[in-house]
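The values are calculated or read from the model by the stated rules, or taken from the named source; none is laboratory data. Keep in mind the model is a prediction, meaning the values are calculated, not measured. Methodologically, a virtual Cβ is constructed for each residue, glycine included, from the backbone with ideal geometry; neighbour enumeration extends over all protein chains shown. Heads up: the accessible areas ignore ligands, DNA and RNA and are worked out on the full protein's heavy atoms, side chains in. Shrake-Rupley method; radii C 1.70, N 1.55, O 1.52, S 1.80 Å.
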Amino acid sequence: MSNNITITESNLSTQWCWTVPEASVSFDEKSIQEKIGCLNKPCYFVEKNGVVGVSHEAQPAEIAGNLRVNAFAGALSVDQLGDPAFREAHGTRYAFYAGAMANGIASAELVIALGKAGILCSFGAGGCVPDHVEKSLQKIQAALPSGPYAANLIHSPKEPALERGNVDLFLKYKVTTVEASAFLGLTEQVVRYRAAGLSRAADGSVVIGNRVIAKISRTEVAQRFMEPAPEKFLKPLVEKGLITVEQAEMAAMVPMADDITAEADSGGHTDNRPLVTLLPAIIALRDEIQAKHNYPQTLRVGAGGGIGTPQAALATFALGADFIVTGSINQPCPESGSSDPVRKALAQAQMADVTMAPAADMFEMGVKLQVLKRGTLFPMRAQKLYDLYREYDSIDDIPADERQKLEKQVFRSPLEDIWQGTIDFFQQRDPELIANAMDNPKRKMALIFRWYLGLSSRWANTGEPGREMDYQIWAGAALGAFNAWVKGSYLEPVENRLAVDVTTHVMQGAAYFSRIQSIKTQGVILPSTFSIYTPTPLT
């Protein structure tokens, strides 16, 4: 009887008040790992003749013939990870939500699939025309009348009509949870959404009807959402009749958000912040502001970006996250709004297969987002457009040979024709942009370039034949880590990556590794194979 498990000398007598019946003990490595993996039962580590064993049974007294307990791991449920207040507030199984991916990549189907399993997901309303957002909300609410679900409100500094239109729809359909992302500060629209949902309880306390999850990557932006809404936004909203005087008064008493997602290096819009420095800073800021305002409910701080494996999820919880968020790993799921060619490309991506490229919605500001570089020329072509925009004041100023390359390789049409297409494109989104560009050559050039940047993501989502080299596919390094983790498992084929399976295994794996760490800290030395969690089909 032997195995490769040992207990350090310093820990041999720490749990002598508990004993285990020898008949219940497993001594072979396979059985021990199975016992450790049975998270809903405690594990008691004992030793006999120098060989370590594990049992699920123990008695709180020394009994003749029993083996003394040397280390212990309590029963562990996945819902013990994170802050239970998050689960209670959002009516979800886990301290987790699937973050929004714009242009409907986080589709109604994805929201519904996760919601039916009691998992929160944010619909990717950013970049979508109002008609698509409205139809998606109708579909989600029909399938999930009691939730959980959220919708994304993305900051659109160059297309304010889209931001305003989405808030109109969220209020019309009584969407009670919004994920606010890409904000550089507060705007009238996000303040309007928050304040319009405030009311008084019978005891006079403030009832928050419209919850906000603010996804941020900078402390100065986080502070804006942790503080109450400022008067400079509330007063005009009252004057316009969009909120009541009483709602403005209540808005000055509650924070702008209920939850803060610290967004580290991620797919799409990202500041490429390291999680280990960003999250502690945001938590410290939260604690400072809580001490200042003494809110009845402390803001919760979670994190996303780089979470593609159970180990990453556990590390994030260990850093103090109240909840975690995933994004890139959800995109290959069959329920997402991506196309099959994109799903296949994502399923083959490695951690180094991502890069930064200019963003369509904040092109003029030089904002970048993280995309897949493997199998597409989009990052290089998008950067070329931004370089030309910075160097020249109009389309007519671009040298003839450069313009010819653009028309042949990128736009595949004369730029005059593209301008007409640009007019058609933005008429559905924000007609004011076209009006403002008519007498401004620089702005006109930006809109023409944004035509390509905007359509490149649409081509990817629809799997446009012949435009494969122009696909704009948002992804972070978490995707490559996920692909490496599931290699050889049933989740490796992209068609098997159902959203519920992906989420469940990330969370269950995190709980498993939490147990492994607890065991190790008690001096138990386990074989390296115990630090492997392989996803198996859910039953």
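Using the Cβ-Cβ distance between Thr534 and Gln350 with R0 = 22 Å, the FRET efficiency computed as 1/(1 + (r/R0)^6) comes to roughly 0.65.
What angle do you read, to the nearest 10 degrees and between 0 and 90, between the alpha-carbon axis of helix 415-427 and the longest principal axis of the chain? Between helix and principal axis, roughly 70 degrees. In this rough spin-label picture, where each label sits 7 Å from Cα along the Cβ direction, the Val276-Gln383 distance is 2.8 nm. Taking the Cβ of Leu110 as the center, what net charge do the other residues with Cβ under 14 Å away carry, scoring Lys and Arg +1 and Asp and Glu -1? Taking every Cβ under 14 Å from that of Leu110, the sum is 0. Size check on the chain: the Cα extents along the three principal axes, sorted descending, read 93, 61, 39 Å. Computed from the alpha carbon positions, the gyration tensor of region 1-153 leads to an equivalent ellipsoid with semi-axes of 51, 14, 12 Å, biggest first. What separates the Cα centres of region 430-497 and region 354-382 is a distance of 9 Å. Highest mean first, the peptides 257-270, 109-122, 217-230 sorted by other C-beta atoms within 10 Å per residue fall in the order 257-270, 109-122, 217-230. Solvent exposure of the chain amounts to 41 Å² per residue of accessible area, where only protein heavy atoms count and the probe is 1.4 Å. Straightening the chain between Val206 and Asn440 buys 79.5 nm, computed as 0.36 nm per residue apart minus the Cα-Cα spacing. Each DSSP beta bridge with both residues in the chain is either parallel or antiparallel, and the antiparallel ones are about 50%.
The calculated P(r) of region 400-459, using every Cα pair and 5 Å bins from 0, goes 4, 18, 30, 27, 14, 6, 1 in percent. Here the extension length gained between Ile525 and Gln138 equals 133.9 nm, from 0.36 nm per residue of separation less the Cα-Cα distance. When you restrict to C-alpha pairs under 8 Å that are six or more residues apart and normalise by the size of the chain, the relative contact order lands at 15 percent.
For region 230-335, the convex hull spanned by the alpha carbon atoms encloses 154 Å³ per residue. Once the Cβ-Cβ distance of Glu220 and Ala64 is raised to the sixth power relative to R0 = 60 Å, the FRET efficiency obtained is 0.35. Counting protein heavy atoms only, region 83-220 has 51 percent of its accessible area on carbon and sulfur, 1.4 angstrom probe.
Measuring r between the beta carbons of Asp417 and Lys172 and using R0 = 35 Å, the FRET efficiency lands at 0.40. Between Gln290 and Gln428, the contour length at 0.36 nm per residue exceeds the alpha carbon distance by 45.4 nm. Other residues with beta-carbon under 11 Å from the beta-carbon of Val238 carry, at +1 per Lys or Arg and -1 per Asp or Glu, a net charge of -1. For region 403-539, the carbon plus sulfur part of the accessible surface works out to 52%, probe radius 1.4 Å. Net charge of the neighbourhood of Asp470, taken over other residues with C-beta under 10 Å away and scored Lys/Arg +1, Asp/Glu -1, is +1.
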